[in-house]
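Here the structure comes first, spelled out in structure tokens, and everything after it is commentary.
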């Protein structure tokens, strides 16, 4: 049985929900006028997510799909165990007409870093389903909550989670993010994956301000077998970018990965530096950077969301890398980012080894986060 066949089977035997039109609600008088249907579309069949997730192949996609599914399950264990336990405790006291239950559900989701907008959508969907008599038991409530969240994971990354590669030459990726989120390590992991697949990678040490950043990237370059272009500490980051592009071009590299500084306390200067670097890149390669990836530490929860808002305001972020997913019980941050910012999560870090950076896969992520709930709903 395939991954989403398992998810689909969890909801078999339940009556397919029909759309309830406004006139129907007035006629039956079963729905309070104070409880409108959620603005977004109603809960869809989970199986449809398999169609949504079809996107361009990425070089980083592993050959062993079963192995990657298991890595998602392992990497999301803390989030899954915490959420499943707390949701089960809450649902044990479920009364579909009890507003106190919905308030407690909202608290649970907020504390799981699902975010305000996503939380209200999930709670309002359950309220609506309860009012139209589609939810009468704990199992019904569990089904709606999980299915709504699975659908939302698909909606946050509909067509944009693929990695944008330049098929005709050098692919340039600019990494941004505050210090300490795992930016340099993420660069090394991506370089490792590409080199393992037989491609040539150059890394540019554009973080010329943080003490030890240049040396750190050189150490990683030696480990993974990638050439590193750098200057002395305090040097001009844009000059490093230019040298990196020239080196990558002359050596026939497939991928150029650029590290940048992350000093939010000097936000204006930092953003000016990023703009200067991007101008240099675009001048040398008109359609580059092909990706500007914002690296966020998942363990910081709402703080990561705040960082994403700041970077979105000042630079054109094309995707997010969520690191340290294995170290947090708040995997709902993916929903918060997608719902509130509309920026796709493109990669997730599910462990500490060099092979633990994975392209974000909606199906595997949802299954890894809700496995026990899906199985107990079946």
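For a test of the definition: using alpha carbon positions, the gyration tensor, and the 1.5 limit on a/c, classify region 214-288 as rounded, prolate or oblate. Taking the square roots of the gyration eigenvalues as a ≥ b ≥ c, region 214-288 is oblate. With the simple spin-label model, which puts each label point 7 Å out from Cα in the Cβ direction, the residue 263 to residue 82 separation comes to 3.3 nm. When peptides 221-234, 114-127 are sorted by average Cβ neighbour count within 10 Å, with the highest value leading, the order is 114-127, 221-234.
Protection proxy ranking of 168-177, 270-279, by the mean of other Cβ atoms within 10 Å over each peptide's residues and highest first, is 168-177, 270-279.
Just order 339-346, 198-205 by mean Cβ neighbour count inside 10 Å, highest at the front, would you?
Per-residue Cβ counts within 10 Å, averaged per peptide and sorted highest first, yield 198-205, 339-346.
When the alpha carbon gyration tensor of region 171-371 is reduced to an equivalent ellipsoid, its three semi-axes come out at 26, 19, 15 angstrom, largest first.
All of the numbers you see were taken from the coordinates with simple rules; none came from a lab. None of the values given here were measured: they were computed from a predicted structure. When we count neighbours, we look across all protein chains shown, and the Cβ atoms used for this are built from the backbone with ideal geometry, even at glycine.
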